[in-house]
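Read-outs throughout are calculated quantities, based only on the coordinates presented, and are distinct from any laboratory measurement. Quantities reported herein were computed from a predicted structural model and do not represent experimental measurements. No Cβ is skipped: glycine too gets one built from the backbone with ideal geometry, and neighbour counts run over all protein chains shown.
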Amino acid sequence: MLKNHIFYKKNINFIIKGEGVPIVLLHGFMESLEIWHYIYQMISKKYKVVSIDLPGHGKNSFSEKKYIFSMEETAEIIKFFLDEKKIEQAIFVGHSMGGYIALALAEKYPNMFLGLCLLHSTADSDTEEKKKNRIKSIQLAVKNYPLFISTSINKLFNPKKILFLQKEISFVKKIALSTSINSVIPFLRGMSMRKNRKFLLKKYDFPKLYIIGLYDLILDSNKINEEAKNGNKTYSVNISTGHMGHIENPVKIIKILEDFIKNIL
């Protein structure tokens, strides 16, 4: 049973701040709840913000190097946690991998969703090329973990502003370096195996929002915009950032999220 899952042998690190409708923030790969710091400080003035360290990230340790952490399994952990906190419905915001996990959760528990924001994320599965790149990433991580971190994080930011984002890049790298390779590998494998969930965009009626970085080197903005167009009650907003809009321009992200939340409520 899930309650006996190895992850639940340790306490889950989380923050719940504010009152009102719950807004659940799911961070991305090699991040932690600290990545949302400014955003949950501001959003929690109006709503109840729930931010969780995913397994093996932040202060939640996990140490099974050869394990595969699927998006479905992680979604079940989120469900278990929210059930314990008596949160039956919420608006979910998932950054990158956090979006993949939110979609896995939505497929099985759609009634939990008042809305979903995919922040620099996609409902599509990995291409064969992307899967090969994840295998290469595992090999690089094993061979030279600091180089893997540095290479990975630099690609997340708007390349046209890279010289002006050194403080932000250092912040994200610090969080990534605190993530054990024994957690990184299981999630790289899990992301490569995730299913295509674009059908959910049409199937469910709750509002869905894509926030798309025009200078995102991880996800093709044109492809993501097309993906969003094919959904039911699915909207998109393009911003002039890379893959880390919530770090590059948190004020802009807060404005977009607040407008999205207001339209739902």
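By the combined test of axial Cα extent (at least 15 Å) and Kyte-Doolittle hydropathy (mean at least 0.5), the qualifying DSSP H helices of the chain come to 97-108, 181-192, 250-264.
In terms of the Cα gyration tensor, with a ≥ b ≥ c the square roots of its eigenvalues, is the stretch 2-264 rounded because a/c is under 1.5, prolate because a/b exceeds b/c, or oblate?
Working: a/c = 1.29, a/b = 1.11, b/c = 1.16.
Rounded is the answer for the stretch 2-264, as its axis ratio a/c remains below 1.5.
Once you sort the root eigenvalues of the Cα gyration tensor of the stretch 132-260 as a ≥ b ≥ c, which label holds: rounded (a/c under 1.5), prolate (a/b larger than b/c) or oblate (the other case)?
On the way: a/c = 2.23, a/b = 1.34, b/c = 1.66.
Taking the square roots of the gyration eigenvalues as a ≥ b ≥ c, the stretch 132-260 is oblate.
Taking amide H positions as modeled 1.01 Å from N, with prolines and chain starts lacking one, the residues under 5 Å from Tyr210 and 5 or more places away or on another chain are Leu118, Tyr235, Ser236, Val237.
Distant-in-sequence amide contacts of Arg194, defined by a placed amide H-H separation under 5 Å and a gap of 5 or more residues or a different chain, comprise Asp126. Remark: the stretch 45-52, residue by residue, has Karplus-estimated 3J(HN,Hα) of 5, 10, 9, 7, 9, 10, 10, 10 Hz, where x stands for each Gly or Pro and the curve is 6.51 cos²θ - 1.76 cosθ + 1.60 at θ = phi - 60°.
Note on Leu177 and Lys59: their simple-model spin labels are 2.1 nm apart, each label 7 Å out from Cα toward Cβ.
Distance between the 7 Å Cα→Cβ label points at Phe81 and Asp259: 2.9 nm. For the peptides 178-184, 117-123, the ranking by packing is 117-123, 178-184, with the highest mean count of neighbouring Cβ atoms within 10 Å listed first. For the chain, what proportion of DSSP beta bridges, expressed in % and rounded to the nearest 5, is antiparallel? Of those bridges, close to 15 percent are antiparallel. Long-range amide H contacts for Leu217: which residues qualify at under 5 Å (H placed 1.01 Å from N, peptide plane, sequence gap of 5 or more or a different chain)? The list, which skips near neighbours in sequence, is His243. The 3J(HN,Hα) values that the Karplus relation (6.51, -1.76, 1.60; θ = phi - 60°) gives for the stretch 116-121 are, in residue order, 9, 10, 9, 8, 6, 9 Hz. Gly and Pro appear as x.
Which entries in the list Lys208/Lys255; Lys48/Lys85; Lys203/Lys233; Lys59/Lys174; Lys45/Lys233; Lys108/Lys198 go over 18 Å, if you measure between the two C-alpha atoms of each? Exceeds cut-off: Lys45/Lys233. Across the stretch 233-241, computed HN-Hα scalar couplings (Karplus, 6.51 cos²θ - 1.76 cosθ + 1.60, θ = phi - 60°) run 6, 10, 10, 9, 10, 9, 10, 8, 9 Hz from first to last residue, x flagging Gly and Pro.
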